[in-house]
Amino acid sequence: MPGAIVIGASSGIGAALARRLSSQGYRVGLAARRGDLLESIRSSLPDAAFTKVIDIAQPEHAMSALRELAAEVGDVELYVVSSGVGYINPTLEWSQERSTIEVNVLGFTAMVNAAIHALEQRGSGHLVGISSIAALRGGRAAPAYNASKAFVSNYLEGIRQRCHRNGLPITVTDIQPGFVATAMAQGPGLFWVAPAEKAAEQILAAIRGRKRHAYVTRRWRLMAWLLRGLPAAWYQRM
């Protein structure tokens with residue numbers, strides 16, 4: 001039975017993906033900041049699972065805790081980093097900007113660092129990071145969030161290049177969801193909102209296919225094409 005760890009497994013995409021992985025025969029480790037929700041998810045899984053309270057806003061402690069969880073799960077071949085925060089913050093409230101950077105940049109980097117070193121020591125495996133369609137352009141309503149997700153996607157690309165250069169069979173997958181029905185989906189005018197279970201199903205398909213990149217749901221490929229090609233002057237008026 002293969003081992004997998006989902007970081008950010010207490011709700012949303014992470015919880016849905018943990019359920020999918022467990023149903024597919026993975027020995028699952030669940031990590032998140034909210035221990036009570038982790039226990040609730042664990043009790044709903046078809047097979048035994050392991051939990052560890054990890055607050056990625058405290059990077060050094062989180063790295064140590066992730067290594068402990070990996071030892072409990074045993075032979076972890078798949079790491080999914082799904083933790084993240086996001087705020088609609090047009091007034092640039094500093095506490096929200098800072099929290100976004102602490103979690104989505106520093107915390108994410110710490111988890112990837114610990115995971116990739118473990119996979120390199122193992123000699124193979126799969127690392128999945130949950131970015132966002134927001135990574136493609138800046139956004140006035142949530143500047144730190146868009147910027148942090150651009151960091152996530154670029155950092156994953158760098159790690160993928162590192163693995164290739166070192167000749168290691170480690171797959172690095174960048175998942176860029178559009179709107180998913182979770183607490184992170186905020187603000188008016190949302191469209192193409194996918195249930196978390198549907199998003200998890202497509203992420204699992206990307207994992208099975210050893211994809212380097214996937215939009216979730218797939219229709220967001222069209223929106224990505226439009227966002228990338230839209231002239232700056234037009235985008236600024238949106």
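The values are calculated or read from the model by the stated rules, or taken from the named source; none is laboratory data. What you are looking at is a predicted structure, and each value in this text was computed from that prediction instead of being measured. Because the Cβ atoms are built from the backbone with ideal geometry, glycine has one as well, and the counts that use them run over all protein chains shown. Accessible surface areas use protein heavy atoms only, side chains included; no ligands, DNA or RNA. Shrake-Rupley method; radii C 1.70, N 1.55, O 1.52, S 1.80 Å.
Please list, in order along the stretch 16-29, the HN-Hα scalar couplings obtained from phi with the Karplus expression 6.51 cos²θ - 1.76 cosθ + 1.60 (θ = phi - 60°), rounded to whole Hz, x for Gly and Pro.
Residue by residue, the stretch 16-29 yields 5, 5, 4, 5, 5, 5, 5, 5, 8, x, 6, 8, 9, x Hz.
If I model a spin label at Q121 and R219 as a point 7 Å from the Cα along the Cα→Cβ vector, what separation in nanometres do I get?
The answer from the label model is 4.5 nm.
Using only the Cα atoms of the chain, what are the Rg and Dmax in Å?
17.1, 53
For D47 and R212, calculate 0.36 nm times their separation in residues minus their Cα-Cα distance, and state this gained length in nm to one decimal.
On the way: separation 165, 0.36 × 165 = 59.40 nm, distance 2.88 nm.
Separation in residues times 0.36 nm, less the Cα-Cα distance, equals 56.5 nm.
Mind giving me the nanometre distance, one decimal, between the label points for M238 and S95, set 7 Å out from Cα along Cα→Cβ?
Placing both labels 7 Å along Cα→Cβ, they lie 3.1 nm apart.
Of the listed peptides 136-143, 147-154, 53-60, what is their order by residue-averaged count of other C-beta atoms within 10 Å, with the highest listed first?
On the way: 136-143: 15.9, 147-154: 20.6, 53-60: 19.0.
Output ranking for 136-143, 147-154, 53-60: 147-154, 53-60, 136-143.
In nm, to one decimal, how far is the D55 label point from the D36 one, both placed 7 Å along Cα→Cβ?
Result: 1.6 nm between the two label points.
May I ask you to give the percent of accessible area on the stretch 115-176 that is carbon plus sulfur, with a probe radius of 1.4 Å?
Numbers: 1260 of 2550 Å².
Heavy-atom surface of the stretch 115-176 belonging to carbon and sulfur, 1.4 Å probe: 49 percent.
For the stretch 224-232, take each phi angle, set θ = phi - 60°, evaluate the Karplus expression 6.51 cos²θ - 1.76 cosθ + 1.60, and give the result in whole Hz per residue in order, putting x for glycine and proline.
4, 4, 5, 5, 5, x, 6, x, 4
With point charges of +1 on the Cβ of Lys and Arg and -1 on the Cβ of Asp and Glu, referenced to the Cα centre of the stretch 54-130, which listed residue (I88, I54, L69) lies farthest in the positive direction of the dipole?
I88
Normalised by the number of residues in the stretch 60-128, what is the relative contact order in percent for Cα pairs under 8 Å and 6+ residues apart?
47
For n ≥ 4 DSSP H runs only, could you compute -39500 (n - 2.57) per run for the chain, divide by its residues and tell me the 222 nm figure to the nearest 500?
Numbers: 9 runs with 112 residues, N = 238.
So the calculated ellipticity at 222 nm is -14500 deg cm²/dmol.
How would you rank 214-221, 163-170, 6-13, highest first, on the average number of other Cβ atoms within 10 Å across their residues?
6-13, 214-221, 163-170
Applying the Karplus parametrisation 6.51 cos²θ - 1.76 cosθ + 1.60 with θ = phi - 60° to the phi angles of the stretch 60-71, what ³J(HN,Hα) value in whole Hz is obtained for each residue in order, glycine and proline being reported as x?
Result, ordered by residue: 5, 5, 5, 4, 5, 5, 5, 5, 5, 5, 4, 5 Hz.
With an 8 Å cut-off on Cα pairs and a minimum separation of 6 or more residues, tell me the relative contact order of the chain in percent.
On the way: 461 pairs, mean separation 42.6, N = 238.
Relative contact order for the chain comes out at 18 percent.
Over the stretch 45-160, what is the mean sequence separation of C-alpha contacts under 8 Å (at least six apart), divided by residue count, expressed as relative contact order in percent? Could you put the intermediate results ahead of the total?
Numbers: 150 pairs, mean separation 33.5, N = 116.
For the stretch 45-160, the relative contact order is 29 percent.
Give me the net charge for the shell around S64: Cβ to Cβ below 14 angstrom, other residues only, Lys and Arg +1, Asp and Glu -1. Walk me through the numbers before you get to the answer.
Numbers: positive: K52, R67; negative: D55, E60, E68, E72.
Result for the local shell: -2.
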